[in-house]
Amino acid sequence: MSGNTFGTLFRITTWGESHGAALGVTIDGCPAGLLLSEQDIQKELDRRKPGQSDVTTQRKEEDLAEILSGVFSGKTTGAPISIIVRNKDVDSSRYEELRNTPRPGHADLTYEQKYGIRDHRGGGRSSARETTGRVAGGAVAKKILSQHGIEILCHVVELGGIRAKKVSIPEIRENTENNPVRCADPDAAVEMAAMIHAAISEKDSVGGIVEVIALGVPAGVGEPVFDKLDAALAGALMSIGAVKGVEIGLGFRCACMKGSQFNDPISIRDGKIITLSNNAGGILGGISNGEPVVCRIAVKPTPSISKEQHTVDIKEMKNTTISIKGRHDPSIPPRIVPVAEAMMALVLVDQMMRGGLINPIISADNPEAGPEKRRL
Ligand SMILES: Cc1cc2nc3c(=O)[nH]c(=O)nc-3n(C[C@H](O)[C@H](O)[C@H](O)COP(=O)(O)O)c2cc1C
């Protein structure tokens, strides 16, 4: 099985299964000299971990991060960083019936068709637990970005058809983590939570839309043609399980607009070139233009539902039905927020390293200082 590695210069490889001994990430290409502690990783994993509220899966995992390599005296050495998270609350008993009956909407059938063997306990590599590695890697990327004044925000803007009102950046910062659905509009958050509870009582699930924004990205990030910043972001965000659509800026809404409406007028403010609107989502020609980078992802309703669905018994080769037990997220958007942030951070660090905007050796005092400024 290939496809477990992401990035060009800043590369992560995630490994491990939902019901195996552990999961983790190996980060290759991290600059040396970055101050990094387990707490830096843990604070992001704590935002991702299951069982945080009654609108997420009730699997209870501490998801404690342990750094195995690549950090010495509190700083990265430039060597591969390995981070392990051990699975603790594993209950595989409820997955036994999935051995021969693929879940509609999940990856069970395609894994079976491709490999002829699969870890039926919790979805194996297609489980959401794979995203612990992404979030751990993303925590390192975020730390690098913060030294360059780049902040990543993410919030749920729609859930089960309920739309949040348009919110400001300070509202996203202040409100998002204050409610279990991670919506920056407090009134909509209440309605969304009620929608999730209604879905639970109907043995069903609901999807939604999540917006991820990068602030402070300088102009010039992105490699044109095949590795355009928007193409890299679309691939990265679409690689997250359950994501079925990615928009950059106004996205699909551009299709019914005129050029005069969609184009972002260019102007000068305080001696700096800016655009007066940001319909392009901060990217033109695959290169950032200094405006906020804005992406939205469409997240499908959770496939594992306890409502009865049609499927097949692949051993007996006969039609059957399934009503899924086990612990599942009734709605994925609230849980995908830290994962989407991580993927945005990983893309930006990789592209900035490729463009020479991040040095391979970081000075703790001055992140902008390159190797030539170091005393050998
Ligand atoms: C954060 C997160 C949580 C998820 N939780 C569940 C879950 O509890 N149950 C489930 O069936 N799928 C869950 N999924 C979705 C599956 O991982 C995903 O649908 C599956 O891998 C198939 O991939 P696809 O939807 O991209 O085709 C979750 C995904 C993410 C990113």
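Note down all Cβ pairs under 6 Å where the first residue falls in segment 79-108 and is under 30 Å from Gly29 (Cα atoms) and part of a loop (DSSP other than H, G, I, E, B), the second is open to solvent by 20 Å² or more (accessible area, probe 1.4 Å) and modelled with pLDDT of 80 or more, and they're at least six residues apart or on different chains. These pairs meet every condition: Pro80/Thr26; Pro80/Asp28.
Every residue, every condition in (1) surrounded by fewer than 20 Cβ atoms within 10 Å (Cβ to Cβ); (2) among the hydroxyl-bearing types (Ser, Thr, Tyr); (3) out of contact with any Asp or Glu (no Cβ under 7 Å at 6 or more places or on another chain), yes or no:
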{"residue": "Lys143", "(1), (2), (3)": "no, no, no"}
{"residue": "Gly161", "(1), (2), (3)": "yes, no, yes"}
{"residue": "Lys165", "(1), (2), (3)": "yes, no, no"}
{"residue": "Asn179", "(1), (2), (3)": "no, no, yes"}
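Just wondering, is there one or more residues in segment 251-273 that are more than 19 Å from Asn289 (Cα to Cα), within 16 Å of the ligand (Cβ to nearest atom) and open to solvent by 40 Å² or more (accessible area, probe 1.4 Å)? Among the residues of segment 251-273, not one is more than 19 Å from Asn289 (Cα to Cα), within 16 Å of the ligand (Cβ to nearest atom) and open to solvent by 40 Å² or more (accessible area, probe 1.4 Å), which makes the answer no.
Checking the structure you have, find out if any residue of segment 5-12 is open to solvent by 30 Å² or more (accessible area, probe 1.4 Å), in a helix (DSSP H, G or I) and without any contact (Cβ under 8 Å) to a residue 12 or more places away in the chain. Lay out the reasoning, then the answer.
Taking segment 5-12 first, the residues open to solvent by 30 Å² or more (accessible area, probe 1.4 Å) are 5-6, 8-9, 11.
Now narrow it down to the ones that are in a helix (DSSP H, G or I): none.
No, segment 5-12 has no match at all.
Note on segment 90-133: residues that are closer than 23 Å to Pro334 by Cα, open to solvent by 40 Å² or more (accessible area, probe 1.4 Å) and more than 9 Å from the ligand (Cβ to nearest atom) amount to 1.
The residues listed here are Ala188, Ala236; of these, the one that is aliphatic (A, V, I, L, M), more than 22 Å from the chain's Cα centre (by Cα) and within 30 Å of Ser304 (Cβ to Cβ) is Ala188.
All of (1) touching a Leu at 6+ places or on another chain (Cβ under 8 Å); (2) surrounded by 14 or more Cβ atoms within 10 Å (Cβ to Cβ) hold for Gly74 with one exception: (2). Here Gly70 passes the criteria (1) on the phi < 0 side of the Ramachandran plot; (2) over 20 Å from the mean Cα position of the chain (by Cα) except the one numbered (1).
Residues in segment 306-363 that are among the polar types (S, T, N, Q), more than 16 Å from the ligand (Cβ to nearest atom) and not in a loop (DSSP other than H, G, I, E, B): Asn319, Thr320, Thr321, Gln351.
The values are calculated or read from the model by the stated rules, or taken from the named source; none is laboratory data. Model, not experiment: these values are computed from the prediction. Using ideal geometry, Cβ is built from the backbone for each residue, glycine included, and neighbour counts are taken over all protein chains shown. In case anyone asks, the SASA skips ligands and DNA or RNA and just uses the protein heavy atoms, side chains included. Shrake-Rupley method; radii C 1.70, N 1.55, O 1.52, S 1.80 Å.
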